[in-house]
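All of the numbers you see were taken from the coordinates with simple rules; none came from a lab. Worth saying up front: this structure is predicted, and the values here are computed from it rather than measured. Cβ coordinates were reconstructed from backbone atoms using ideal geometry, including for glycine residues, and neighbour counts include every protein chain displayed.
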Amino acid sequence: MSELNLKKLQNGSDIRGIALPGIPGEEPNLTEEAASLLAHGFCEWLSEKTGKPFSALTVSVGHDPRLSEDMLKTAAINSITSLGVRVLDCGLASTPAMFMSTVFPQYSCDGAIMITASHLPFNRNGFKYFDKNGGLDKSDITNIIERAENFAECPDDCDYDCENCSPNSEEPVCGITTLLVSKCDLMDTYCNHLRDIIKRGVNAENPAGCKTAVSDNTPSYDRPLAGLKIAVDAGNGAGGFYAEKVLAPLGADVSGSCFLNPDGNFPNHAPNPEDKKAMEAISRRVLETKADFGLIFDTDVDRSAAVDENGHEISRNGIVALASVLASEISSKTTIVTDSITSDQLTEFLTSSLGLTHLRYKRGYKNVINKAIELNKNGTDCQLAIETSGHAAFKENYFLDDGAYLAAKIVIKAAQLIRRGKPLSSVISTLKEPEEAAEIRLPINCEDFASYGSRILEELESWARSQSSLQLITPNYEGVRIRFPDETISGWCLLRMSLHDPIMPLNIEADKEGGCRKIAETLRMFLSRFDKLDISKL
């Protein structure tokens, strides 16, 4: 087999790489060979984790609409079936639905593989892996890669007893392995699951409501969204099902929706709730079509955001606040775990308006999810782990970051409010926003960027402690967060290391106009001593 550096494909708890040519300077490294090896490594890992031989395993495989999905799926499935593992081919699917293939009793898969690169450009792709406990951790992905690389070192005539093979490896399967592949209607099952959640939720306030509607615009138990107009923007990703197979059958008018057709070229805007153009698109649709509210998904539907009836974005701090309101209805004294870049105003909303506890943790959706799980194991009630990117994981939903599940809870809340004559915007009306906000990404121009970045953060922390005009925020779990209490600024900054790249992201927020500029100027004077840090954007 050819030499591959599979370690370069690891992106935390995911696999991501360049699958197609088309962008200058970006040569494909996520090839059919890589897909085959990684699928083999996953099956070895899954066999050891479950204690089952390959022949007793079932793995589901699905994909978003990326142009390289067929190539990678075929390679992965061929590799899996060569081991004698049964495959459920789920076709076009969402990432959360793929995990649910391990939960739904009619499938009960041992593991799942989702082929996706989330919101990244058309030439990228990747893999997300699940077992019955949820998404795999970073250490699990490292293990899978090591197994894949070991298998890549096997001689051509390997009969699964060479020193590179796993001790529990079996003889490769000969014959027609396509007999091990079955098509399944996973998304139909998943959509039915979501519809049931919405029906139960909306009708919880009126459990004795009639089963049939008087007219198309009057709600009933089976059509609880009748009379509501909801715009959905799927960004030409995998999320078009939400309008067509979840909301519309429940009576909602989804005529204001856009970009529902899957198209791996993503011709209209990046399928990303953090993207400015994407949020402008759904906001515009809500206003133009006079929708009650709007929903937007990323490519593989593990993230979502919303737009209220006025076209105002409910994203980043807003989506955290809205999801926290929903979590507070489950447990009124719960803890909300978020990533590190949430605002001071969000903390005030969670603690003062909702009476909740806010734990600002690290970036990375698996980091916040794992922290929430840890809290519950240690006796602290935590119903929600959420990133400002839109990854929201509820305890009641397996701590699965599921954009469609969050959207279902938003739909339930909105429908109940509108029945009482209140708009969606009323839910987070007391949430304040900073006057200014900025994120600046500062490149580190040296090979050992991790050590260099750590040195910068250590010296920044010491410097901030020595400045009487500044307040170093503690406890702080990622980077250095500094508050600038000066009344002409009234803001904060957070400098941290990127999770994977030679970049130091700098987040700044201020309550006064011009405050971000003043914070940036102060930091520029300090950071100018580090010649390998590019501060030209400050």
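Convex hull over the Cα atoms of the chain, averaged projected area in nm²?
Numbers: hull surface 106.8 nm².
Averaging across all directions leaves 26.7 nm² for the Cα convex hull.
Counting only helical runs of four or more DSSP H residues, what would the 222 nm mean residue ellipticity of the chain come to if each run contributes -39,500 (n - 2.57) and the total is spread over all its residues?
Values: 12 runs with 163 residues, N = 538.
About -9500 deg cm²/dmol.
What is the Rg over Rh value, at two decimals, for the range 389-516, using alpha-carbon atoms and the Kirkwood definition of Rh? Before the final figure, lay out the partial values.
Working: Rg = 19.6 Å, Rh = 17.9 Å.
So for the range 389-516, dividing Rg by the Kirkwood Rh gives 1.10.
Please state, to two decimals, what the Cα-based radius of gyration of the range 1-146 comes to when divided by 2.2 N^0.38 Å (N = residues). All intermediate terms of the calculation are to be shown ahead of the outcome.
On the way: Rg = 14.1 Å, N = 146, 2.2 N^0.38 = 14.6 Å.
Dividing the Cα Rg of the range 1-146 by 2.2 N^0.38 Å gives 0.97.
Based on the Cα gyration tensor of the range 356-406, what are the three equivalent ellipsoid semi-axes, each the root of five times an eigenvalue, rounded to whole Å and given largest first? Display every interim value, and only then the final one.
Values: eigenvalues 51, 32, 17 Å².
After scaling each eigenvalue by five and taking roots: 16, 13, 9 Å.
How much of the pair distance distribution for the range 471-538 lies past 16 Å, counting alpha-carbon pairs only, in percent? Let's see the in-between values first.
On the way: 1118 of 2278 pairs.
Roughly 49 percent, once rounded to a whole number.
What percent does the relative contact order of the range 474-538 come to when contacts are Cα pairs within less than 8 Å and at least six residues apart?
Values: 84 pairs, mean separation 15.2, N = 65.
After rounding, I find 23 percent.
Using all alpha carbons of the range 76-141, what is the percent of pairwise distances in each 5 Å bin, ordered from the shortest bin to the longest?
Taking every Cα pair in the range 76-141, the percentages come to 4, 16, 24, 26, 20, 8, 2, 0.
What is the diffusion coefficient of the range 283-339 in µm²/s, taking the Kirkwood radius over Cα pairs and the Stokes-Einstein relation at 4 °C with a viscosity of 1.567 mPa s? Mind dumping the intermediate values first?
Working: Rh = 12.5 Å.
Rounded to a whole number, D works out at 104 µm²/s.
Sticking with the crude label model, points 7 Å out along Cα→Cβ, report the distance from Glu513 to Ile23 in nm, one decimal please.
Label at Glu513, label at Ile23, 3.8 nm between them.
If you look at just the Cα atoms of the range 450-489, how large are its Rg and its Dmax in Å?
11.1, 35
When Rg is the radius of gyration of the Cα atoms in the range 245-296 and Rh is its Kirkwood radius, what does Rg/Rh come to? Write down the numbers at each step before the final one.
Values: Rg = 11.6 Å, Rh = 12.0 Å.
Expressed as Rg/Rh, it is 0.97.
Return, for the Cα atoms of the range 1-76, the radius of gyration and Dmax in Å, separated by a comma.
Cα-based Rg and Dmax for the range 1-76 come out at 13.9, 45 Å.
Listed here are the pairs Lys199/Lys245; Lys7/Lys128; Lys8/Lys371; Lys49/Lys132; which of them are more than 18 Å apart at the Cα? All intermediate terms of the calculation are to be shown ahead of the outcome.
Values: Lys199/Lys245 14 Å; Lys7/Lys128 15 Å; Lys8/Lys371 26 Å; Lys49/Lys132 11 Å.
Violating the 18 Å limit, Cα to Cα: Lys8/Lys371.
What's log10 of I(q)/I(0) for the range 222-365 at q = 0.11, 0.12, 0.18 Å⁻¹, Debye sum over Cα points only, no solvent?
-0.45, -0.53, -1.05
Treating cross-link reach as a plain straight distance, find the lysines whose alpha-carbon is under 26 Å from the alpha-carbon of Lys432, omitting any fewer than eight places away in the same chain.
Once the sequence-local lysines are set aside, what remains near Lys432 is Lys276, Lys277, Lys290, Lys333, Lys362, Lys409, Lys413, Lys422, Lys512, Lys518.
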